[in-house]
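S.K.: Handing you a structure now.
The values are calculated or read from the model by the stated rules, or taken from the named source; none is laboratory data. These numbers were taken from a predicted model, which means no experiment stands behind them. Neighbour counts are summed over all protein chains in view; Cβ atoms, including those assigned to glycine, are modelled from backbone coordinates with ideal geometry. Side chains included, ligands, DNA and RNA excluded: accessible areas come from the protein's heavy atoms. Shrake-Rupley method; radii C 1.70, N 1.55, O 1.52, S 1.80 Å.
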Amino acid sequence: MKKPLIAGNWKMFKTADEAVSLAQGIKAGTYKNQDALVVVCPPFTALHAVCKVLQGSNVSVGAQNMHPETEGAFTGEISPAMIKDLGCRYVILGHSERRQFFHESDTFVNEKVKTALKYSLIPIVCVGETLAQREAQSHLTVVKNQFDVSLADLGKEDILKCVIAYEPVWAIGTGKTATPEQAEQMHAYIRRLLTEKFGAEVSAKIYILYGGSVKPDNIAILIEKPNVDGALVGGASLKTESFCAIVDGATEKCSAGAK
Ligand code: PGA
C-alpha cells in the first residue's frame, strides 16, 4: 500500500513571512504523521525561507514551475539548478494555469520534465481537460494526448521518479469537485496508459494525484478510490487547519485499510 501523497500548491499567495508562518504551522501539524508524504509548493520568493523552516521535517518542498534550461538569457525565469540548490525535491510542471495563461505546450512541459529528472527533482506533471472538452466527451482523448506528449521519451526508471496529477480545469478553484467516480474513471485510464507504456509493475508504483477543489470534507471519498493516490490542493492548502485536516483525512482512510 502506498502512503498518500498530499501536495499543497500555494500559487501566487503568501509573502515570505506569511509563507514561513504557514510552513511552521504545517510542520507542527504533521510532525507525528509518518504515514503520509506531505509536500508544499510556495511561490519562488518564499522557497528559500520555507526550505529552511522545513529542513529535516516530514514535509518536502516543491517549486510551482521552472524553465527547462540550466541557465541562460531567460529574463524572469528560474532554472532547475536554482530550485534544487534551495532544497526543493519536487516541481509542479504543466499546471493548467501555466497552460492557459502562459501558453505552455505539452512539448515544452516534456522538455521541463526531462531537465527536472536530470536534476533529481520529482516532477508533478499535471494533465486535465476543460469543461468544454468534457462536455464534448473528449476528456479521455485530451488527457491521453497530454500524457503522450508531456511524458514522451521517458524510460521506466524516469517515470518511476514522476508524479502525475489529474486536475480537471473546471474543478480548479471553482468549488466544483469531480465526483469520486469521475476522478476514478480518469485515474484508472491514466493507470492503463502507464501500464501499456511501462508495464503493470511500474504502473502500480506511480502516484496519480487528484486536484480540483479538494477540501477536508471530500478527501476521504476521493482517496478511497483505488487509483487515487493523493491530492494536489490549491485553496485549502493556504490555511494550516484545512491542509493538515486533508493530510489527516487521507492518512486515516488509507491506514484504516480502505485501499
Ligand atoms: P484548488 O486548486 O484546490 O484551489 O481547486 C488545485 C490546483 O490548482 O492545483
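S.K.: For the chain, what is the accessible area per residue in Å² when the probe is 1.4 Å? Before the final figure, lay out each step's value.
M.R.: Working: 11520 Å² over 259 residues.
Value returned for the chain: 44 Å² of accessible area per residue.
S.K.: Still on this structure, I have one more. Given the whole protein assembly as supplied and a 1.4 Å probe, what does the accessible area of LEU54 come to in Å², nearest 10?
M.R.: Rounded to the nearest 10, that gives 10 Å².
S.K.: Extension gain ALA256-HIS103, at 0.36 nm per residue separation less the Cα-Cα distance, in nm?
M.R.: 50.8 nm
S.K.: Continuing with this model, one more query. Remind me, relative contact order of the stretch 5-255 in percent, using alpha carbon pairs under 8 angstrom and six or more residues apart?
M.R.: 20 percent
S.K.: So, one more: Determine the gain in length on full extension of the stretch SER57-LEU131; use 0.36 nm per residue of separation and subtract their C-alpha separation, reporting nm with one decimal.
M.R.: Contour length minus Cα-Cα distance gives 22.8 nm.
S.K.: What is the distance, in nm, between label points placed 7 Å from the Cα along the Cα-to-Cβ direction at GLN185 and at GLU111?
M.R.: 3.6 nm
S.K.: Past the 31 Å Cα-Cα mark, which pairs from LYS144/LYS215; LYS32/LYS112; LYS32/LYS114; LYS52/LYS144; LYS3/LYS52; LYS84/LYS253?
M.R.: LYS32/LYS112; LYS32/LYS114; LYS52/LYS144; LYS84/LYS253
S.K.: Given 0.36 nm per residue, what is the gain on full extension from LYS2 to ALA200 after removing their alpha carbon distance, in nm?
M.R.: 69.7 nm
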